[in-house]
Amino acid sequence: ARVYFAIESAMRSFHIDIGAMMGEQVFPLQAAAETHRPDELRVLLLSCINRCVASLLQSKVPPSHKFVEQVKAYIEQHYMEDISLISASQAVHLSPTYLSKIFKKVTELSFVEYVTAVRVQKAKEWLSDSSVKIYEIGDRVGYRSTKHFSQVFKSCTGLTPSEFRDNIRMSEER
């Protein structure tokens, strides 16, 4: 049953109804519950897996791209937290090694580079609001240390958060 639920969850994340795909309302869970022989259960699971793979292959977007899109969405929702490749891989039910490989292939950025880019972009948006202190912005985008936030921000933009904010202020005055 756990294997089926994992398959169903993965297919649902691709907006594929496994029951409709299998042509049954209650998929093999009912059949599996009625099956007592391991070889019959194996045949049911293999049939389900083969149909899932065929369905994914027929879709226009490669499965690896779909997983990467799910991870990007996960990052957008959790960038302010202490996220990691492991937590993201658990969210999409892939191994961290495999996720790292496909993420880099599809985005041309490592997972950490992508998270950093999202955090810096969010920080830039916050920096336009001069009422929010820089240490608060760092915390809001996932950096618990203001010094580390400033170092990362400067390495990505060439400016410290303060310098970036000053540039915004000067361009608004013009």
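The values are calculated or read from the model by the stated rules, or taken from the named source; none is laboratory data. Since this is a predicted model, take the numbers as computed values, not measurements. We place every Cβ from the backbone using ideal geometry, glycine too, and count neighbours over all the protein chains shown. Surface accessibility is based on the protein's heavy atoms, side chains included, excluding ligands, DNA and RNA. Shrake-Rupley method; radii C 1.70, N 1.55, O 1.52, S 1.80 Å.
What are the residues in segment 125-149 that are farther than 23 Å from V68 by Cβ, crowded, with 19+ Cβ neighbours inside 10 Å and of a type outside the set (F, W, Y), if any?
L127, I134, I137, G138, listed by residue number.
Does segment 98-120 hold any residues that are β-branched (V, I, T) and modelled with pLDDT of 95 or more, and which are they?
Hits for segment 98-120 are V112, V115, T116, V118, V120.
Which of (1) closer than 30 Å to Q121 by Cα; (2) open to solvent by 80 Å² or more (accessible area, probe 1.4 Å); (3) at pLDDT below 75 is the odd one out, the single condition S64 does not satisfy?
Just one mismatch for S64, condition (2).
Checking E108 against (1) in contact with an Asp or Glu (Cβ under 7 Å, 6 or more places away or on another chain); (2) open to solvent by 50 Å² or more (accessible area, probe 1.4 Å): exactly one of these is not met. Which one?
Unmet for E108, out of (1) in contact with an Asp or Glu (Cβ under 7 Å, 6 or more places away or on another chain); (2) open to solvent by 50 Å² or more (accessible area, probe 1.4 Å): (1).
Would you call R165 crowded, with 19+ Cβ neighbours inside 10 Å, basic (K, R) and out of contact with any Gly (no Cβ under 7 Å at 6 or more places or on another chain)?
Criteria met by R165.
Which condition breaks for Y74 when tested against (1) in contact (Cβ under 8 Å) with a residue 40 or more places away in the chain; (2) over 30 Å from E173 (Cα atoms)?
(1)
Between a residue in segment 119-143 that is free of Cβ contacts under 8 Å to residues at least 40 places away in the same chain and any residue that is aromatic (F, W, Y) and not in a helix (DSSP H, G or I), which pairs come within a Cβ distance under 9 Å, given they are 6 or more apart or on different chains?
A123/Y143; I137/Y143
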